[in-house]
Amino acid sequence: MTTTTDRILNFSAGPATLPEPVLEQARTDIWNVRESGIGICEHSHRGPVFDEVLAEAVADCRAVGQIPEEFDILFLQGGATMQFAMVPMNFLPEGATANYVNTGVWTSKAQKEAMKLGNVHVAYEGEADKFDHCPKQDELECAPDAAYLHYCSNNTIYGTQFNHTLSDSGRIVCDMSSDIFSKPIDWNAFDMIYAGAQKNLGPSGTVLVIARKDMLETCPTHLPSMLNYNAIAKKGSRLNTPPAFGIYLMGQVFKWILSEGGVTAMHERNTRKASCIYEALEANSHCYTIFAKEGSRSLMNISFTTNEDVKNEMFLKEAASQGMSGLKGHRDLGGIRASIYNAFPEEGCKRFAEFLNTFAQSH
Ligand SMILES: Cc1ncc(COP(=O)(O)O)c(C=O)c1O
């Protein structure tokens, strides 16, 4: 049975569309993985089958991200939000300061969690500009000698994405939840990155953390083990029963990315996918306003509005009647948002661009 015919176009910001070959493989493996006679969710996390699944997920992740050996790869739980607290717990020593770049709701949440745990300096505040762009390095006012600088590479709600990296004197920590492995990563520009799985990687709840080994060694030993990155790293992500299905599914997604040509091929395809939608929006600028400023426009989330609430509602209704779902903008911004992560089909973007044209012409 092919899934293509009974599946609609899912523009959800997350949990989001997964690659169809991955879902088909998962359908088999949930019943009986690797011909073991046992499904993936039923295997002991310390048995030989899961040993293989985990080892392959780590190796394939390293291959996909071209991750240098000086970084460790961890699979954690608690979503990206857990990282908002774990980062300062582990890397913001008493008396030290962390620089935070506020480009929207998620970074603001990260900042608030860090404030409960230590000194935070807001190096950039985007609220006055309604978070319509990602700041250049010279827009930051960093506190000197900060332990780390935290920012988010793609702001899922506003549809803004960094096309450059940021630097600081301390460590660089980046939330890549909504654009991980959508393009190559310059590892020289980061010390730690994290990503909730539910956009580009797999099922929600699971988190991918990639951090420099020498940074992990600085995690304070007084922390509870499950909140200590180093303790988890030392046990190869198996300090307790790990999110086995999440790790398995991420592993399948890594294999899929490799089979599609890797992150460079993803980036080329993502650029084509987003361009055809932005072009349709711009060609109908009498009808649509793109939220993000040029130069910061995301290839993953395209946020826009028709400038009228009633018309937005009409748009969503008509799109739904054509098998397009998940287009309602985030409650903090309103309007419309098309999320087109790695697994979202190019053909679906073309169909959406055509829909944008016909809707604009008929309204
Ligand atoms: C950029 C970004 N960071 C963090 C989060 C929070 O993720 P979670 O719900 O996994 O905690 C989200 C969720 O959409 C996000 O888009």
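We did not get these values from a lab; they are worked out from the coordinates using the rules stated. Small disclaimer: the values here were computed from a predicted structure and weren't measured. All Cβ positions, glycine included, derive from the backbone under ideal geometry; neighbour counts span all protein chains shown.
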If we count every other residue with Cβ under 10 angstrom of residue 350's Cβ, Lys/Arg +1 and Asp/Glu -1, where does the sum land? 0
Suppose only helical runs count, i.e. DSSP H with n ≥ 4. What mean residue ellipticity at 222 nm does that imply for the chain under -39500 (n - 2.57) per run, divided by all residues and rounded to the nearest 500 deg cm²/dmol? -11500 deg cm²/dmol
Given a cut-off of 37 Å, what percent of all Cα-Cα pairs of the chain lie beyond it? 21 percent
Most exposed first, judged by fewest Cβ atoms within 10 angstrom, 213, 311 run 213, 311
For the stretch 45-74 and the stretch 208-261, compute the distance between their C-alpha centroids and round to whole Å. 9 Å
For the chain, set up a Gaussian network in which alpha carbons nearer than 10 Å are linked by springs, and say which option among 13, 292, 189 fluctuates the most. 189
Run the quick spin-label model on residue 66 and residue 51: label points 7 Å from Cα toward the beta carbon, then report their separation in nm to one decimal. 3.3 nm
Build a GNM of the chain with springs between Cα atoms under 10 Å: which of 187, 31, 106 gets the top mean-square fluctuation? 31
Over 32 Å (Cα to Cα) - which of 183/234; 112/350; 234/328 fall in this group: 112/350; 234/328
For the stretch 262-362, the Cα gyration tensor yields equivalent-ellipsoid semi-axes (√(5λ), largest first, whole Å) of 21, 15, 13
Counting other Cβ atoms within 10 Å of each Cβ, which GluC sites (Glu not before Pro) in the stretch 286-340 have at most 16 and sit in a DSSP loop? 294, 308
Label-point separation in nm, residue 42 to residue 307, each point 7 Å along Cα→Cβ: 5.9 nm
Hey, fewest Cβ within 10 Å first, where do 108, 44, 303 land in order? 44, 108, 303
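May I ask you to derive the relative contact order of the stretch 285-363, considering only C-alpha pairs under 8 Å and at least 6 residues apart, and to give it as an integer percent?
Relative CO of the stretch 285-363 lands at 28 percent.
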Would you work out the relative contact order for the chain, in percent, from Cα pairs under 8 angstrom that are 6 or more residues apart? 23 percent
Phi angles of the stretch 58-66, converted by Karplus (6.51 cos²θ - 1.76 cosθ + 1.60, θ = phi - 60°) into ³J(HN,Hα) in whole Hz with x for Gly and Pro, give 5, 5, 5, 4, 4, 5, 4, x, 6
Can you give me the distance in nm between label points at residue 136 and residue 357, each placed 7 Å from the Cα along the Cα-to-Cβ direction? 3.5 nm
Once you've got the GNM for the chain with C-alpha springs shorter than 10 Å, pick whichever of 341, 151, 248 has the biggest mean-square fluctuation. 248
Provide the percentage of antiparallel DSSP beta bridges, counting only those with both residues in the chain; round to the nearest 5. 55 percent
Loop only by DSSP, 14 or fewer other Cβ within 10 Å of the Cβ. Give me the GluC sites (Glu not before Pro) in the stretch 93-130 that pass, ordered by residue number. 94
